[in-house]
Each structure stands twice: as structure tokens, then as C-alpha cells.
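Trainee: Here's a structure for you.
The values are calculated or read from the model by the stated rules, or taken from the named source; none is laboratory data. Source: prediction; values computed, not measured. As a convention, Cβ positions derive from the backbone with ideal geometry for all residues, glycine included, and neighbour counts pool all protein chains shown. With ligands, DNA and RNA removed, areas are computed over all heavy atoms of the protein, side chains included. Shrake-Rupley method; radii C 1.70, N 1.55, O 1.52, S 1.80 Å.
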Amino acid sequence: MNQPHDERHPAPDGLECPTAPTQECARSLTADDERFLDEFARKFADFLDHARYTLNHSLATCRGYKAGYQNLRHFLVAGAGTVELRTRMYAIEAWVAWNRKRGLSAISTNTYWRATQVFYRYLEQRDGIQNPFRGMKKPARPTPLPKARTPDECRRILTTAANYPWKTEYQRARAVALFGLLIFAGLRRAEVTRLLYADVNFEAGTIRITRGKGRNGGKDRTAYMNDDLRRVLREYTHQRARMGYTCPEFFVSLKSGQGLSMDQFIRIFRDVRRASGLKFSIHSLRHSFVTMLLQSGIPIHVAKELAGHADINTTAGYLRVWDDEERDQVRKLRL
């Protein structure tokens, strides 16, 4: 049985759930409001526990649930004194309008809506509440173009990683290997830091990726090395062996001798980005990988599996090509 999350039962993996109203809003809350908010927080904590450990949703997905809940709770508290909070919790259309009036982006509004409807579906099944999301259309959001970098930009990023003034050759080889995995294998940042030494098989030319993005704990898949990726990974493992590292993680922190943390990875990324003179995100390099797969003629269903996408429509979004290539293709048109 799920336990209420209080000081004796902490939320899973540090996903603490706020139970007290903010100081500026506490003055307008009645005792009944505070009791309702405490009860609402306990129910959400039970849902979070259920999502994490029963449904096996990833930590990243649970963080999304928490963000949606916190936004909804802010809406509830903001309406204190105007309507009973037990009634306001069903005013989903008013919540959407409140977010839009505050200038929240269409993407964030849509994301909070989708995350929170899962919580309400849980309450419907567990407590038999009337689910206000039923029959509602989710808020519209724009479909962003994948932000792929051009091949020349990817080459510059790798060149920058190789020529940055690192203090050791180990750090140099590690940085190039990190960016190589992003560009040539399309790994997500969490997949990079979670990679184990045994996951990389040079004989088979494969990289085993476990617990990627997706439901039920994440989707496993296999990535493959091209010649460039094999070369930079071999150079890194040579430097790793020279340093005498034996921890199970593939990427190792010079400071601790244990696995590279996400914060350390992000610092390496920011150093290279700043030195390259290019504005790009970690995820845009994954976009580049998927786009290059499709442009090289790989069938879309194969690209879907290599990218670890759950829906082929996600992969199809990468069929958009760069503007200069569109212009080149238009110039070729003849009657």
C-alpha cells in the first residue's frame, strides 16, 4: 500500500512535494483551504509513488508530473478567497486561461495540462472523482522544427572539443568522445552519463543503451558505431586505461575517479559551446544525428529504432531539411 509522503515517508528519488502554502498567499487561506491543500499534496505524493514504482515511469517523467502539479497548485492558491478550492480544482479551463493571461508559453501550458491529466486519471480510478479532463481538448501548441546543426557545424564542434586547452590528454579524449556519442549515435544526455563500460562493444561495433526515454522505465536500444565514432571512443578508452580507472561507468570524473555526473558533463558542454562560437543545445546534436540518418537514405522505420522514438511521427518531423538545401532543390526545378 502506498504511504503518505511526509517526513517519515520521503518522496521517491528526492521528488519532494510541497505541502505548505507560500508565505505571501497564506494570509488569504482559510483553515479549510489549508486542510484541502494538505490532502491534495498527500494524494499527489501517493500518485507520484504509484507512477515511479508501480507504473515504472522514469524520473524525468515524474519530474514533469511534479511541475504540472505545482503549477496547478499555484492556480488554486491564487484563487483563495474567491471560490472554494475543492471546487476550483475542477476548473481546468479557468486554469488554462489563467496560465495564458500570465504569459505562459503555449508549449508549457500544453505540457502542464498533459502531465496533470495523468494525476486526475489516477484520482478518478482510485477515489472515483469526476475527471474534469474527460472530453476536453488539450491546449494547442506549435510544432517546433527540429533544431539540427549542419554537418559543418558538427565538425566545428568536434574540432573545438579536440583543440580546447584541456589540462590533460584524458580530458581531451573524454570531451571528444562525449560529443562523438551525441553527434554520431544520437544519445540523450542522461543516456551518456548512464553509459557503462560494458555497454560499449568494439568488436560488434555496438553501444547498449538502457532505460532510455519512454514509459515502463524507459526503452532499451542498440546504437552503432561508424568509423569516426569508433576511433574517438577507442582513443578515450586508451586514455581511461592509462589513468587506471576501473569503475563501471564509461565516462569517469577526473576529480573523483567515479562516474561523470550530469553537472560535470554540462560544464564540459558549456566550455566547448563557448569556445566554438556556436549557439547550440545538447539535444540539437541528437536532432542532427536523426536528420543525417534520414538524409542519408535510411528508411524512416529504421531511423525510428536507432533514435529510440516511440512514435514514428516523431521521426517524421526530422524530414524537414535545412533552408539552404531547400533553396538548392528549388533551383533544380525545370519544366
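Trainee: Given a Förster distance of 45 Å, report the FRET efficiency between ARG267 and GLU84 from their Cβ-Cβ distance, rounded to the nearest 0.05. Mind dumping the intermediate values first?
Mentor: Details: r = 48 Å, r/R0 = 1.07.
Taking R0 as 45 Å, the efficiency between ARG267 and GLU84 is 0.40.
Trainee: Could you order THR61, THR54 by accessible surface area, starting with the largest, using a probe radius of 1.4 Å?
Mentor: Values: THR61 50, THR54 90 Å².
Largest accessible area first, the list is THR54, THR61.
Trainee: Show the residues, 5+ positions off or on another chain, whose built amide H is closer than 5 Å to the amide H of VAL252.
Mentor: LEU260
Trainee: While we're here: Tell me whether segment 161-279 comes out rounded, prolate or oblate; compute the Cα gyration tensor, take square roots of the eigenvalues as a ≥ b ≥ c, and use a/c under 1.5 as the rounded threshold. Mind dumping the intermediate values first?
Mentor: Numbers: a/c = 1.42, a/b = 1.26, b/c = 1.13.
Since a/c stays below 1.5, the shape of segment 161-279 is classed as rounded.
Trainee: Between MET243 and ASN163, what is the label-point separation in nm under the 7 Å Cα-to-beta-carbon projection?
Mentor: In this crude spin-label approximation the distance works out to 2.4 nm.
Trainee: To the nearest 10 Å², what's TYR112's accessible area with a 1.4 Å probe?
Mentor: 50
Trainee: In segment 65-142, with Lys and Arg counted as +1 and Asp and Glu as -1 at Cβ, which of these residues, PRO132, GLY103, ALA115, has the Cα nearest the positive end of the dipole, that is, farthest along it?
Mentor: GLY103
Trainee: In the structure displayed, which of LYS138/LYS279; LYS66/LYS138; LYS43/LYS137; LYS66/LYS167 lie more than 29 Å apart, Cα to Cα? List each step's numbers first, then the result.
Mentor: Details: LYS138/LYS279 32 Å; LYS66/LYS138 18 Å; LYS43/LYS137 25 Å; LYS66/LYS167 40 Å.
Cα-Cα > 29 Å for LYS138/LYS279; LYS66/LYS167; rest within.
Trainee: What are the ³J(HN,Hα) values, in whole Hz, obtained from phi via the Karplus relation 6.51 cos²θ - 1.76 cosθ + 1.60 with θ = phi - 60°, for each residue of segment 192-207 in sequence order, with x given for Gly and Pro?
Mentor: With the stated coefficients, segment 192-207 comes to 5, 6, 8, 4, 9, 4, 6, 6, 9, 10, 6, 5, 7, x, 10, 10 Hz.
Trainee: When the chain is fully extended, how far beyond the present Cα-Cα distance does ALA94 get from SER28, taking 0.36 nm per residue of separation?
Mentor: Working: separation 66, 0.36 × 66 = 23.76 nm, distance 1.98 nm.
Between ALA94 and SER28, full extension yields an extra 21.8 nm.
Trainee: Let me ask something else about it. What does the charge add up to near PHE280, with Lys and Arg as +1, Asp and Glu as -1, over the other residues with Cβ less than 9 Å from its Cβ? Please report the intermediate quantities before stating the final value.
Mentor: On the way: positive: LYS147, ARG149, ARG273, LYS279; negative: GLU153.
Net local charge, PHE280 excluded: +3.
Trainee: Relative contact order (percent) for segment 72-135, with alpha-carbon contacts under 8 angstrom and 6 or more residues of separation?
Mentor: On the way: 28 pairs, mean separation 18.0, N = 64.
RCO, segment 72-135: 28 percent.
Trainee: Another question, if that's okay. Could I have the simple spin-label model distance between ASP38 and TYR224, label points 7 Å from Cα toward Cβ, reported in nm to one decimal?
Mentor: Going from the ASP38 label point to the TYR224 one covers 6.0 nm.
Trainee: Calculate the spin-label point distance for ARG114 paired with ARG141, positioning each point 7 Å from the Cα along the beta-carbon direction, and give it in nanometres.
Mentor: Each label point is offset 7 Å from its Cα along the Cβ direction, giving 0.5 nm.
Trainee: Here is a follow-up. What translational diffusion coefficient, to the nearest whole µm²/s, does segment 40-142 have by Stokes-Einstein, given a Kirkwood radius computed over alpha-carbon pairs, a temperature of 10 °C and 1.306 mPa s viscosity? Walk me through the numbers before you get to the answer.
Mentor: Values: Rh = 14.1 Å.
Result for D is 113 µm²/s.
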